[in-house]
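Accompanying notes for the structure given below.
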Amino acid sequence: MEKIGIVSYGAYVPRNRIKAEVIASVWGKDGQAISRGLGVIEKSVPSIDEDTATISVESARAALRRCNINPQDIGAIYVGSESHPYAVKPTGTIVGEAIRATPMLMVADYEFACKAGTAAIQTCVGFVKAGMIDYGFAIGADTSQAAPGDALEYTASAGGAAFLIGKTKVIATINHTLSYTTDTPDFWRRAEMKYPSHGGRFTGEPAYFKHITNCATALLEKAKTHPEDYTYAIFHQPNGKFPVNVAKKLGFTPEQIKQGLLVPYIGNTYSGASMIGLASVLDVAKPGDRIFLTSYGSGAGSDGFDITVTDEIASLARHKAPTVAELVERKKYIDYGTYSKITKLLFME
Amino acid sequence: MKEGVARFWREIPQRYNFLGNVCSSCDRVFFPPREACPFCRRKSMGKMKEQYLSGHGEVISYTVIHVGPEDFEEQVPYPVAIIQLDEGPRITGQIVDCDPDDVKIGMKVESTFRKIQQDGCSGAIYYGYKFLKSHNSNK
Ligand SMILES: [Zn+2]
């Protein structure tokens, strides 16, 4: 059977960081307790000149540096985000031009809260499988917004990852993928609003846990596998607690999720979150490793992926772009004043 | 404003991907691209070939901007450098993700994709190159 999957990958995380404790102190809260409660030490903050388009371009360019693919052979680019720079005008065209993949190219922007990027992977897998394209880029990136003082302010961060999907020189085969979707209003943002609204406690059990658990269980059934068959598991990570709890509930160990759990150090990168986790796993993966990924997007749905790393990963020039660990380490701390200046300017109405 | 959008659109190959050109008579590289080679003049007519540059280069000189133009005033202080690209041309570019004190003459730099400016809150957003200290440069 033809192997379809990931041919290359790249990630990007802006350099600025702000500690959860620093945000807490501004609002007169106990920073250490909040940090511990959320499982988030610090989060990434974009620079004034960074947005979802620049993060997408940097991720895609990192993926192209690692492989020898002619960008003109890329037949599709799908960018998933909830912070596309324009309300009308695609981010994908900017990426297409910046990686010289235009003009014979299918492009569209996706939106599905934090799982728009993994939905883009599924689209590309389908097109490659149908023989309509040789390669497709699936990108998930965000510069997510939170109202000052809102609980989300401790986690809403910025970052992204890009996956080149194809059927030649596949470094990680996507064996199975499926989704679990319902209409659940746990988190939303109306078109004219600057910051999102959320359903408070409603966001946990009937939303994140229900969708991830049902999706993951269906995937294990379809793949005829068990949690212990996987080397690594990645779950959407809106904070440091949810993915740990859902993994435990499903029977995955802390060792399996460690490599793909970045939220304590960079926060919740929304559409980038599970994808940066996957990039981090691919940074260290060896042939034969099996990877389990379940994303989550409010609204709500989960995309599940059963992935097997191939021998080709040894030939990919992984060193030609920074690893996720290196991106996490490249940081500059900012104070709340700088942070609020940046976020105010970024999300100007 | 409309004029700005049209001009920017025409310059996208240069701003996004360093599309320059080379004189096939003397092999000099130009960025931005030129109609004719100023050294070979008529000899170069019709012999200018498009070439994408790497976006890698070296800081020749720099200054730190403390009072920026309108679109940049929120970024001050920030370094702007004259950069000699590896292929030869010299260009001016902003250096980002780097403390002004850390910029050095001779520092290796590489391009990064950033937002350059925007026409207010409702206008177009212009993207293009800025520079970072090279990942492989320890200087
Ligand atoms: Zn010449």
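The values are calculated or read from the model by the stated rules, or taken from the named source; none is laboratory data. Please read these numbers as outputs of a predicted model, since none were measured by experiment. In this analysis, Cβ positions are derived from the backbone assuming ideal geometry, glycine residues included, and neighbour counts consider all displayed protein chains. Accessible surface is based on the protein model in full, side chains and every heavy atom, while ligands, DNA and RNA are left aside. Shrake-Rupley method; radii C 1.70, N 1.55, O 1.52, S 1.80 Å.
Hey, does the stretch A:200-218 have a residue that's under 24 Å from A:THR269 (Cα atoms), open to solvent by 10 Å² or more (accessible area, probe 1.4 Å), free of Cβ contacts under 8 Å to residues at least 24 places away in the same chain and aromatic (Phe, Trp, Tyr)? Yes, some residue in the stretch A:200-218 is under 24 Å from A:THR269 (Cα atoms), open to solvent by 10 Å² or more (accessible area, probe 1.4 Å), free of Cβ contacts under 8 Å to residues at least 24 places away in the same chain and aromatic (Phe, Trp, Tyr). Here's a check for you: in the stretch B:91-115, which residue that is open to solvent by 30 Å² or more (accessible area, probe 1.4 Å) and among the β-branched types (Val, Ile, Thr) is farthest from A:LYS89 (Cα to Cα)? The selected residue is B:ILE105.
Hey, among the residues in the stretch A:23-54 that are open to solvent by less than 50 Å² (accessible area, probe 1.4 Å) and over 24 Å from the mean Cα position of the chain (by Cα), which one's farthest from the other protein chains (Cβ to nearest Cβ)? Checking each candidate, the answer is A:ALA33. Filtered by the rule that a residue be within 14 Å of chain A (Cβ to nearest Cβ) and either of a type in the set (Val, Ile, Thr) or more than 17 Å from B:HIS66 (Cβ to Cβ) (or both), the stretch B:81-103 gives B:GLY93, B:ILE95, B:VAL96, B:ASP97. In this structure, is B:TYR78 more than 16 Å from the ligand (Cβ to nearest atom), open to solvent by 80 Å² or more (accessible area, probe 1.4 Å) and in contact (Cβ under 8 Å) with a residue 12 or more places away in the chain? Against the criterion (more than 16 Å from the ligand (Cβ to nearest atom), open to solvent by 80 Å² or more (accessible area, probe 1.4 Å) and in contact (Cβ under 8 Å) with a residue 12 or more places away in the chain), B:TYR78 does not qualify. Restricting the stretch A:72-89 to residues that are of a type in the set (D, E, K, R) and in a loop (DSSP other than H, G, I, E, B), the residue that is farthest from the other protein chains (Cβ to nearest Cβ) is A:GLU82. Selection of first residues in the stretch A:146-165 that are part of a loop (DSSP other than H, G, I, E, B) and of second residues that are basic (Lys, Arg) and buried (at least 20 other Cβ atoms within 10 Å of the Cβ), restricted to Cβ pairs under 8 Å at least 6 apart or on distinct chains, gives the following pairs, ordered by first then second residue: A:THR155/A:LYS43; A:SER157/A:LYS43.
Among the conditions (1) within 16 Å of the ligand (Cβ to nearest atom); (2) away from every other protein chain (no Cβ under 14 Å); (3) at pLDDT 95 or above, the only one that B:THR63 does not satisfy is (1). The residues of the stretch A:90-110 that are open to solvent by 50 Å² or more (accessible area, probe 1.4 Å), touching a residue at least 24 places away in the same chain (Cβ under 8 Å) and facing another protein chain (nearest Cβ under 10 Å) amount to a single one, A:ARG100.
Yes or no: the stretch A:234-256 includes at least one residue that is open to solvent by 60 Å² or more (accessible area, probe 1.4 Å), part of a helix (DSSP H, G or I), closer than 21 Å to A:ALA11 by Cβ and not basic (Lys, Arg). The answer is no, given that none of the residues of the stretch A:234-256 is open to solvent by 60 Å² or more (accessible area, probe 1.4 Å), part of a helix (DSSP H, G or I), closer than 21 Å to A:ALA11 by Cβ and not basic (Lys, Arg).
From the list A:ILE18, A:ILE69, the lone residue that is assigned to a loop (DSSP other than H, G, I, E, B), away from chain B (no Cβ under 14 Å) and not acidic (Asp, Glu) is A:ILE69. Taken over the stretch B:53-71, the criterion of being in a strand (DSSP E or B) and out of contact with any Lys or Arg (no Cβ under 8 Å at 6 or more places or on another chain) is satisfied by B:SER61, B:TYR62, B:THR63, B:VAL64, B:ILE65. Residue under question is B:GLY55, and the condition is that it be open to solvent by less than 30 Å² (accessible area, probe 1.4 Å), out of contact with any strand residue (DSSP E or B) (no Cβ under 6 Å at 6 or more places or on another chain), within 14 Å of chain A (Cβ to nearest Cβ) and under 29 Å from A:TYR12 (Cβ atoms); does it hold? So B:GLY55 fails the test.
Taken over the stretch A:166-180, the criterion of being farther than 17 Å from A:ASP306 by Cβ, open to solvent by 10 Å² or more (accessible area, probe 1.4 Å) and outside any loop (DSSP other than H, G, I, E, B) is satisfied by no residue. None of A:SER44, A:SER25 is closer than 29 Å to B:GLN118 by Cα and either out of contact with any Leu (no Cβ under 7 Å at 6 or more places or on another chain) or in contact (Cβ under 8 Å) with a residue 40 or more places away in the chain (or both) except A:SER44. The sole residue among A:THR225, A:THR231 that is open to solvent by less than 30 Å² (accessible area, probe 1.4 Å), more than 19 Å from A:GLY297 (Cβ to Cβ) and touching a helix residue (DSSP H, G or I) at 6+ places or on another chain (Cβ under 9 Å) is A:THR225.
Among the residues of the stretch B:1-17, write down those that are β-branched (Val, Ile, Thr) and open to solvent by 30 Å² or more (accessible area, probe 1.4 Å). Hit for the stretch B:1-17 is B:VAL5, nothing else.
Across the stretch B:112-139, the qualifying residues are those that are farther than 22 Å from A:ILE342 by Cβ and more than 10 Å from every other protein chain (Cβ to nearest Cβ), and the one among them that is nearest to the chain's Cα centre (by Cα) is B:SER134. Against the test of being within 16 Å of the ligand (Cβ to nearest atom) and open to solvent by 70 Å² or more (accessible area, probe 1.4 Å), the options B:GLU70, B:GLU50 yield a single qualifying residue, B:GLU50.
Applying the condition of being in contact (Cβ under 8 Å) with a residue 24 or more places away in the chain and within 14 Å of chain A (Cβ to nearest Cβ) to the stretch B:1-10 and asking which residue is farthest from the ligand (Cβ to nearest atom) yields B:VAL5. One residue stands out among those in the stretch B:18-37 that are open to solvent by less than 50 Å² (accessible area, probe 1.4 Å), more than 7 Å from the ligand (Cβ to nearest atom) and out of contact with any Lys or Arg (no Cβ under 7 Å at 6 or more places or on another chain): the one that is nearest to B:GLY55 (Cα to Cα), which is B:PHE18.
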